[in-house]
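Take a look at this one; I'll ask things after.
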Amino acid sequence: MRVPLAKAGKARKVSLRTAGRRRAASSLPVAISPLPPFMITDFIITRVTALPLETLCRRLIEVATSHKFGVLATHNLREKMEGKGVPFARECRVIEVCNPQQAAAVLSQAIEISTALPCRISVYEEGGRTMLATIKPTALLTLFGVPGAVAAAQEVEDTMVAIMDEACRG
């Protein structure tokens with residue numbers, strides 16, 4: 001979890017709420033900074049590129065389509081927020097992508113998996129660079145405990161990583 005610090009260089013405790021009970025997380029120094037170019041955490045996959053945001057969005061759509069992923073929607077978060085009267089200065093696009101064959105396979109096993117679909121790739125600017133980020137499909141589908149869903153999620157995840165890498169190369 002990334003939490004902005006009140007003062008640079010100071011650690012702070014982060015409280016987590018779990019099952020209605022409060023517990024304190026360990027004190028760790030945390031700061032907001034761009035992630036390394038190929039950082040993969042337990043739940044998030046990120047990539048960094050020098051390509052401009054708009055160029056990367058167009059490229060991402062082209063590459064996703066070439067990998068047989070449909071592009072369902074592109075959400076411009078700044079425009080959506082400002083349209084609701086909420087000032088939001090950051091540029092951020094959320095691109096929804098889906099492989100229909102993989103989606104049908106997991107949905108036929110458990111329709112509840114629809115709550116985790118489609119896959120989303122965020123494109124935003126951070127520290128003068130353009131970032132891509134997505135939640136790992138394996139992390140999401142593991143939550144459902146459905147046999148075979150994790151294998152399908154791994155295939156989707158591998159393709160999502162390939163799509164993100166290829167889009168960043170321009």
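Derivation of every value follows stated rules applied to the coordinates shown; laboratory data play no part. Please read these numbers as outputs of a predicted model, since none were measured by experiment. Here the Cβ is made from the backbone with ideal geometry for all residues, glycine too, and neighbour counts use every protein chain on show.
Test of understanding: ordering PHE69, PHE43 by Cβ neighbours within 10 Å, fewest first, what list do you get?
By the 10 Å Cβ count, ascending: PHE43, PHE69.
Eigenvalues of the Cα gyration tensor times 5, then square-rooted: what semi-axes does that give for the stretch 34-169, in whole angstrom, largest first?
Over the Cα atoms of the stretch 34-169, the ellipsoid semi-axes are 26, 17, 14 Å.
If you add up the charges near PRO137, with Lys and Arg at +1 and Asp and Glu at -1, over every other residue whose beta carbon is less than 14 angstrom from its beta carbon, what do you get?
With Lys, Arg at +1 and Asp, Glu at -1, the net is -3.
Let me ask something else. The stretch 110-126 to the stretch 91-107: how many Å between their Cα centroids?
Rounded to whole Å, the Cα centres lie 6 Å apart.
Using a simple spin-label model with points 7 Å from Cα along the Cα→Cβ vector, what separation in nm is obtained for ALA151 and MET81?
Result: 4.2 nm between the two label points.
Could you grab the relative contact order for the stretch 34-169? Cα pairs under 8 Å, six or more apart, rounded to a whole percent.
30 percent
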